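Everything below concerns the one structure shown next.
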Amino acid sequence: MNIFYLSAECYPAAKVGGLADVVGSLPKYLCRQGVKTSVVIPKYRTDWIQDQPFETVFSGEAPLGRDSFSFEVQKKQDDDLGFPFYVIDIPDRFDRPGIYGDLQSGAAYEDDAERFFSFQIAVLEWIRSLAEKPDIFHCHDHHTALIPFMMTQCHRFKSLQKLPTIVTVHNAEYQGRYSHDKQKFLPDFNETKAGLLDWQGRLNCLATGLKCCWKISTVSPSYMKELRQQSNGLERLFVHEKQKSRGILNGIDESIWNPETDAYLSHHYSVQTLEEGKHANKKELCNKFSFDAGRPVISFIGRFVEQKGADLLPDLFSMLIDKGTDANFIILGTGNPELHKRFRRMSAEYIGFFDASLNYNEKLAHQIYAGSDFMIMPSRFEPCGLNQLYAMRYGTIPIVRAVGGLKDTVVDIAKPNGSGFTFRDFTLEAAGQAVERGLELYQYKTKFYALCQKIMKLDYSWNASAQKYIEMYQQINSKTHG
Ligand code: GLC
């Protein structure tokens, strides 16, 4: 089988969130199992992309409304990512350091529609020229969700009409909604099908993808169910498309996320050496923040957006510290400027107990996973969540709100097979109680380390989930060849 992954992000080339981690790791596992999976993203001006040798494999020109644009398809020369990797070079639109917006100001780029429409058009333009077509187009999130529509409705791409498509929803909050006048950027299509582009009066890329694709998947079974109840306006559509939908849990890339080999750590450890290993990493981490390493460390890593519930943390951590809780609190992330201010103020106020690193820092993230005792995730919703999986792999106990993928991967300690602490309500009280239950366990070192070891042994690698994707591909393939 020959699968094409189309995405806006792929680690390590371009990362904003978990989408990049998934697109940068699942294809590796699929390729290893004999399913050739190529990844295609836009050619941004990121440091990583600039450092790689690429060769041009196709140059073309395609329409964007009344205008046209030139583009090149470039393939990464060495295959060291573990899968064939392509970038589409459209300099006017993507030769910028940010993925979705300006890195300095955080403002979203204003030509979002033109950028991702032209990316998708270029992809199809290239693929229609290939003698050997892919067996499946696998689109990730709204930036590539117009592909199933264009393949089935645009006259220009008629030769791709019968090829199967999948849309995977990593986050239904973001849908790519535009006014209908952006339709003018699409190549000519069957006008009687214009309704496919519409959802609640706007051009909605994700909705269009869900309607037109062969199969829908999302990144955990619970999130699949939740989408039918709450998905920022798409509920009815998810109910309607239930038959072609399924949830498959994400996995983690064990070649990157492994405390025995992690290139970012100065102290490696395994299940057997967990206690010493975590101790050494914790000491280093606490030194960095001038914390007392004798106290438990509770961390949060993530974007400060509604979804992640980071706005609960200032009050939660203040409440705990004011109460005299003997613990250290660390935040790593960026986002809402109000929260930046709040966290900065708290760093000064609770010096020695609280600190925040307000940036994107992959190395520090690894060090925090290794050096913390607990990882807190108070998400309002969470399609899958990867941080709790990374945490567990590093023997760090997750404290999570029981929603979406968090619910599917973290079992409360009160139950058999418990792997962490969960809470239901998005309130200070519920989150506070979960943290306090964690800190209580921390007092009983034998039990505490037994749990750390247990969660470190859980298998959240891609092995099991990659198999489920392969099943889905095979099912689709048997329909096209059967
Ligand atoms: C998005 C979701 C996150 C998920 C990731 C990868 O970032 O918010 O929950 O783990 O995509 O699928």
Expected sort for 164-171, 303-310 on mean C-beta neighbours within 10 Å, highest first, is 164-171, 303-310
Expected sort for 128-138, 375-385 on mean C-beta neighbours within 10 Å, highest first, is 375-385, 128-138
Here the gain from full extension of E275 to R344, 0.36 nm per residue of separation minus their alpha-carbon distance, amounts to 21.6 nm
The relative contact order of the chain, taking Cα pairs under 8 Å that sit 6 or more residues apart, comes to a percentage of 12 percent
Once Lys and Arg are counted +1 and Asp and Glu -1 for all other residues with Cβ under 11 Å from that of Q52, the total becomes -2
Taking a crude spin-label model, label points 7 Å out from Cα along the C-beta direction, the K193 to Q104 distance in nm is 4.4 nm
Counting only DSSP beta bridges with both partners in the chain, the antiparallel fraction in percent, to the nearest 5, comes to 30 percent
Flagged as over-length at 19 Å C-alpha distance, from K308/K447; K28/K76; K278/K363; K28/K133; K43/K363, the pairs are K308/K447; K28/K133; K43/K363
For K479, the aspartates and glutamates lying under 20 Å Cα to Cα, once residues fewer than eight places off in the same chain are dropped, come out as E132, D135, E241, E471
Ranked output for segments 286-298, 191-203 by mean other Cβ atoms within 10 Å, highest leading, reads 286-298, 191-203
Measuring from its Cα centre, segment 274-459 shows a charge dipole (+1 at each Lys and Arg Cβ, -1 at each Asp and Glu Cβ) which, in debye to the nearest 20, is 280 debye
If every Lys and Arg gets +1 and every Asp and Glu gets -1 at its Cβ, then about the Cα centre segment 375-482 yields a dipole, in debye to the nearest 20, of 200 debye
For K158, counting only aspartates and glutamates whose alpha-carbon sits under 14 Å away and dropping same-chain residues fewer than eight positions off, the answer is E125, D188
With +1 at each Lys and Arg Cβ and -1 at each Asp and Glu Cβ, the charge dipole magnitude of the chain around its Cα centre, to the nearest 20 debye, comes out at 1260 debye
The answer for the net charge of residues other than D111 whose Cβ lies under 13 angstrom from its Cβ, with Lys and Arg +1 and Asp and Glu -1, is -3
Checking segment 406-482 for trypsin sites (Lys or Arg not before Pro) in a loop per DSSP with at most 14 other beta-carbon atoms within 10 Å yields R424
Row for segment 238-289, column shape: gyration tensor on C-alpha, a ≥ b ≥ c, rounded if a/c < 1.5 i.e. under 1.5, prolate if a/b over b/c, else oblate; value prolate
Once the dipole of the chain is set up from charges on Cβ (+1 Lys and Arg, -1 Asp and Glu), the residue from the list L389, G101, T325 lying farthest towards its positive end is L389
Checked segment 274-459 with the C-alpha gyration tensor, a ≥ b ≥ c its square-rooted eigenvalues, rounded below a/c of 1.5, otherwise prolate if a/b is larger than b/c and oblate if not; verdict rounded
With Cα coordinates, the longest principal axis of the chain makes an angle with the long axis of helix 274-289, in degrees rounded to 10, of 90 degrees
To the nearest 0.05, the calculated FRET efficiency linking D326 and K363 through their beta-carbon distance, R0 being 30 Å, is 0.60
Checked the chain with the C-alpha gyration tensor, a ≥ b ≥ c its square-rooted eigenvalues, rounded below a/c of 1.5, otherwise prolate if a/b is larger than b/c and oblate if not; verdict prolate
Note to self, the chain gives a 222 nm [θ] from helices alone (DSSP H runs n ≥ 4, -39500 (n - 2.57) apiece, / all residues, nearest 500) of -11500 deg cm²/dmol
Taking R0 as 35 Å and r as the Cβ-Cβ distance between K133 and E173, the FRET efficiency 1/(1 + (r/R0)^6), rounded to the nearest 0.05, comes to 0.60
Per DSSP, the loop-located GluC sites (Glu not before Pro) within segment 201-282 having at most 15 other beta carbons within 10 Å are E260
The lysines whose Cα lies under 17 Å from the Cα of K242, excluding any fewer than 8 residues away in the same chain, are K211, K215, K225
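Each value in this text was obtained by applying a stated rule to the coordinates, not by laboratory testing. This is a predicted model, so every value here is computed, not measured. Every residue, glycine as well, gets a Cβ built from its backbone with ideal geometry; the counts of neighbours run over all protein chains shown.
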